[in-house]
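Read through the structure below, which is laid out as C-alpha cells, and then see the notes.
Bear in mind these aren't lab numbers, they're just calculated from the coordinates by the rules spelled out. For clarity, every value in this text was computed on a predicted model and none was experimentally measured. So basically every Cβ, Gly included, is an ideal-geometry build from the backbone, and we count neighbours across all protein chains shown.
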C-alpha cells in the first residue's frame, strides 16, 4: 500500500511539474518573449546590479578597477565579469557591438551610452551603462565613472544632454517586456549622487581614457 501511495505522489508531482512548465511556456509565447530574450534580459539586469556595487568608488584616470575607475575602465570591468571584452577607451567602445537606432526609446538595459568630451564635438569622450528610462520617457538613467566617482546620472542633466552621441549594444536584443528571471546581485549602499560639474561650452574635459 505504501509503495502504491509513493507512486501516486510521484505521478502527481510529475503532472504538476509538467503543467507548470507548460504554463510558463505558454505565457512566454503569449507575451512574445522567447527564452533567449529572457536570458539576455537577465544578463542585462545582472550587469546593472553588479555595476551598482561600485557606486561611490573613486575616479582615477586610466584605472580599470576594482578599487577605482575611469569611465571606460568601469564599463569594461563590469562587462568583463560577464564574459564580454570591451576596449579600455571610449572611442574603442563606440566602435564595438552594434549601433542602436537613434532615439532613446530604442535603448535597452545594459547598452553602452556614449557622450562627447566637448559640447560641439562628435568625438567620443565618455561612456556609461544604460539603466532605464526616467519617468515621462524623455530622459534616461545611466551608471558611470565621473570625476566625482561612480554615480547614477540622467540624460536630462544639461551637461550630458548637450553631449549625448548615441549608444552601442553589446548584449543580444531582448523584448522590451522581458523581465529578469534571476535575482539581481545585491547593490551596494549608494552615496548621494553628486552632479557632474558643468563646464564652459568651449572647454575640453578629458575625463575618460580615450586613446584608441
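Observations on the structure shown:
- Remark: 142, 82, 69 ranked as 82, 142, 69, counting other beta-carbon atoms within 10 Å and listing the fewest first.
- Full extension of the chain segment joining residue 98 with residue 173 gains 26.0 nm, where the gain is 0.36 nm per residue of separation less the Cα-Cα distance.
- Approximating the spin labels as points 7 Å out from Cα along Cα→Cβ, the residue 120-to-residue 106 distance works out to 2.8 nm.
- On the beta carbon distance between residue 82 and residue 62, with R0 = 22 Å, the FRET formula returns roughly 0.45.
- Residues 45, 36, sorted so that the one with the fewest Cβ neighbours within 10 Å comes first: 36, 45
- Listed by Cβ neighbour count within 10 Å, with the fewest neighbours leading, 126, 106, 88 appear as 106, 88, 126.
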